[in-house]
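A quick write-up on the structure given underneath.
The values are calculated or read from the model by the stated rules, or taken from the named source; none is laboratory data. Every value quoted in this text rests on a predicted model; they were computed, and no experiment measured them. Note: ideal-geometry Cβ built from the backbone for every residue, glycine included; neighbour counts use all protein chains shown. With ligands, DNA and RNA removed, areas are computed over all heavy atoms of the protein, side chains included. Shrake-Rupley method; radii C 1.70, N 1.55, O 1.52, S 1.80 Å.
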Amino acid sequence: MRVPGQILLVACYELGHQPLAVAWPAAFLERAGYAPAVLDLSVEPLDPEKITRARFIAISVPMHTALRLGVIAAERIRALNPTAHICVYGLYAALNATELLDACADSVLAGELEAQLVELVRQVEAAGSATAGSGAGAGVLGSPRQKVARTPTPTLTKLNFPVPARNALPSLKKYAHVERDGRLDLAAYVEASRGCKHRCRHCPIPPVYGGRFFVVPVETVLADVRQQVAAGATHVTFGDPDFLNGPRHALAVARALHAELPQVTFDFTAKIEHLRAQRAHLAELAALGCVFIVSAAESLDDRVLGHLAKGHTRADIVEALGVARAAGIALRPTWVAFTPWTTLAGYRAWLDFLAAEGLVDHVDPVQYGIRLLVPPGSLLLDLPDMRPYLGGLVPGGFHYRWTHPDPRVDRLAGEVAAMVATAAEHDEDAGLTFNRVRALAAAAAGAPAPAPVELAAGRARPPRLTEPWFC
């Protein structure tokens, strides 16, 4: 197992970023004396030679899109290499462990999993050695594969983080860029913390982390930034579920980054309530290089926000917009446009709000069609107000079906999703897409379309990443 390539780490999709969920496990394995190969199916074709050479293949599924792609990949991998041990790991592996273990995986790992992954590799290595010593054919891992413990329980133990191993990954040029001032620049992706101390019901993190989060040492974060800046990055995305879960740590990281690399800008994700609570630090973060913040606003309807346990209200969203603007930072709110409690009037009022607040260029159009996802293990399954709308688990879909009580809303959701997907494929102007979505919503309500929002073609737009998907 220590021969180069006998371990293969496979990424499927990581929000358009160079996959940290492969780079970190690779670093842990290298520190333990292994030489893993890597493959990123979001930008590379499946390589049969890498597949057939490997004895242990780990597939990263940190999100729902990656899970869907990962299962397809696992089927092809199993056909090419029937005796390899297939491990599926990440947030969505934990939520769907039962189905994955029945369908395609020999093991499932989640949480702070890297040390456990190394131990699992050692188990497979030992099982293979025992089989070889008993006279079994070299490389035949069918029997040892079955002996390896399959433990889907998330691991929540603080790790000793090495610097992520990125040398074998595709170039940053193949991944999402930051778009600003009319140009595209290479973007690095790092995490200063993992997990989250909050328990939003629709989020996949609370069922796995249970309200815990773990910080990464400042020097480790900076070392990861350095290697990506050396590869050409001029901007850093902090991909923490919430950069401000530990505000002192976040400030220490931002200050150290700016002190060493003052020309590098950054963005991060933070809850609305944290933006309000940490408003005194936003101006400093702007001075340190923060150019935009992503925040999961989700809805303007306080009833919906209560069902999702977001911890903020519509008024808080308005306040957060104000404090971000005062600091000179663009706020890019994300939304769950369609839930069982969304009304046509509420959807239209939300679009009106985006127009009135000048947020059309701050919201990626894909957000207009996002429909609430309810995976196995979701905290939404325990919500009494969810049960009347909930159907069964979609076979192979890794989520529960739900139906809106107003058929017009479900029809609108389908129409909007199709429209924004086509618009994204054609790189349509965000203002044009917004006006078309607004007209669709008016038609669904039997109302005349509102006057279009007029946005100049050559207007200055807030900075953004070129990858618009969030699930």
| field | Residue count for the stretch 116-138, restricted to those that are at pLDDT below 60 and within 25 Å of L156 (Cβ to Cβ) | value | 0
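Each row is one residue, and each column tells you yes or no for (1) within 23 Å of A309 (Cα to Cα); (2) at pLDDT below 95.
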| position | (1), (2) |
| --- | --- |
| G358 | no, no |
| R371 | yes, no |
| T403 | yes, no |
| G414 | no, no |
| A421 | no, yes |
| H426 | no, yes |
| message | Being more than 18 Å from the chain's Cα centre (by Cα), over 20 Å from D410 (Cβ atoms) and of a type in the set (D, E, K, R) is the filter here; which residues of the stretch 317-373 pass it? | response | E319, R325, D352, E357, D361
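Could you say whether any residue in the stretch 278-288 is surrounded by fewer than 16 Cβ atoms within 10 Å (Cβ to Cβ), under 25 Å from the mean Cα position of the chain (by Cα) and of a type in the set (A, V, I, L, M, F, W, C)? Break it down stepwise before answering.
We begin by selecting, within the stretch 278-288, every residue surrounded by fewer than 16 Cβ atoms within 10 Å (Cβ to Cβ); these are 280, 283-284, 287.
So of that shortlist, the ones also under 25 Å from the mean Cα position of the chain (by Cα) come out as none.
No, the conditions are met nowhere in the stretch 278-288.
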| Scanning for something within 30 Å of H404 (Cα to Cα), at pLDDT 95 or above and in a helix (DSSP H, G or I), does the stretch 331-339 turn up at least one residue? | no
| request: Go through the residues of the stretch 42-50 one by one and say whether even a single one is touching a Leu at 6+ places or on another chain (Cβ under 6 Å), surrounded by fewer than 24 Cβ atoms within 10 Å (Cβ to Cβ) and assigned to a helix (DSSP H, G or I). | output: yes
| Within the group A223, A187, which residue is small (G, A, S), crowded, with 20+ Cβ neighbours inside 10 Å, farther than 11 Å from V253 by Cα and at pLDDT 95 or above? | A187
| request: Being in a loop (DSSP other than H, G, I, E, B), in contact with a strand residue (DSSP E or B) (Cβ under 7 Å, 6 or more places away or on another chain) and among the hydrophobic types (A, V, I, L, M, F, W, C) is the filter; apply it to the stretch 182-204 and report the residue that is nearest to H235 (Cα to Cα). | output: A192
| query | If you go through the stretch 231-243 one residue at a time, do you hit one that is assigned to a helix (DSSP H, G or I) and either of a type outside the set (G, A, S) or open to solvent by 30 Å² or more (accessible area, probe 1.4 Å) (or both)? | reply | no
| said: Please go through the stretch 75-131 and give me each residue that is in a strand (DSSP E or B), free of Cβ contacts under 8 Å to residues at least 40 places away in the same chain and either of a type in the set (A, V, I, L, M) or over 18 Å from I7 (Cβ atoms) (or both), ordered by number. | reply: I86, V88
| Qualifying residue in the stretch 16-33 (condition: buried (at least 24 other Cβ atoms within 10 Å of the Cβ), among the aliphatic types (A, V, I, L, M) and assigned to a loop (DSSP other than H, G, I, E, B)) | no
| Among residues of the stretch 40-57, those that are within 18 Å of the chain's Cα centre (by Cα) and closer than 17 Å to V3 by Cβ, counted | 0
| field | Residues located in the stretch 234-250, provided they are out of contact with any helix residue (DSSP H, G or I) (no Cβ under 6 Å at 6 or more places or on another chain) and either in contact (Cβ under 8 Å) with a residue 12 or more places away in the chain or closer than 17 Å to D185 by Cβ (or both) | value | T234, H235, T237, F238, G239, D240, D242, N245, G246, P247, H249, A250
| query | Which residue pairs have Cβ atoms under 6 Å apart, sit 6 or more places apart or on different chains, and have a first residue in the stretch 308-326 that is without any contact (Cβ under 8 Å) to a residue 40 or more places away in the chain and a second that is open to solvent by 60 Å² or more (accessible area, probe 1.4 Å)? | reply | T313/D302; R314/D302
| Going by the structure shown, is T403 of a type in the set (S, T, Y), over 16 Å from W341 (Cα atoms) and surrounded by fewer than 16 Cβ atoms within 10 Å (Cβ to Cβ)? | no
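Condition check ((1) in contact (Cβ under 8 Å) with a residue 12 or more places away in the chain; (2) assigned to a loop (DSSP other than H, G, I, E, B); (3) surrounded by 20 or more Cβ atoms within 10 Å (Cβ to Cβ)) across all residues:
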{"position": "A345", "(1), (2), (3)": "yes, no, no"}
{"position": "L354", "(1), (2), (3)": "yes, no, yes"}
{"position": "D385", "(1), (2), (3)": "yes, no, no"}
{"position": "F398", "(1), (2), (3)": "yes, yes, yes"}
{"position": "A413", "(1), (2), (3)": "yes, no, yes"}
{"position": "A417", "(1), (2), (3)": "yes, no, no"}
{"position": "D427", "(1), (2), (3)": "no, yes, no"}
{"position": "L432", "(1), (2), (3)": "no, no, no"}
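Here is a check on your reading of the model: is A315 surrounded by fewer than 22 Cβ atoms within 10 Å (Cβ to Cβ), of a type in the set (A, V, I, L, M, F, W, C) and more than 30 Å from L184 (Cα to Cα)?
yes
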| Qualifying positions in the stretch 256-277 - more than 25 Å from the chain's Cα centre (by Cα), surrounded by fewer than 18 Cβ atoms within 10 Å (Cβ to Cβ) and either among the aromatic types (F, W, Y) or not in a loop (DSSP other than H, G, I, E, B) (or both) | A256, A259, E260
| Which members of the stretch 278-303 meet the condition of being part of a helix (DSSP H, G or I) and of a type outside the set (A, V, I, L, M)? | R279, H281, E284, D302, R303
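Please specify each residue of the stretch 366-383 satisfying the condition of being under 13 Å from T334 (Cα atoms) and of a type in the set (A, V, I, L, M, F, W, C).
V366, I370, L372
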| said: The conditions are (1) assigned to a loop (DSSP other than H, G, I, E, B); (2) out of contact with any helix residue (DSSP H, G or I) (no Cβ under 9 Å at 6 or more places or on another chain); (3) surrounded by 13 or more Cβ atoms within 10 Å (Cβ to Cβ), and L373 fails exactly one of them. Which is it? | reply: (2)
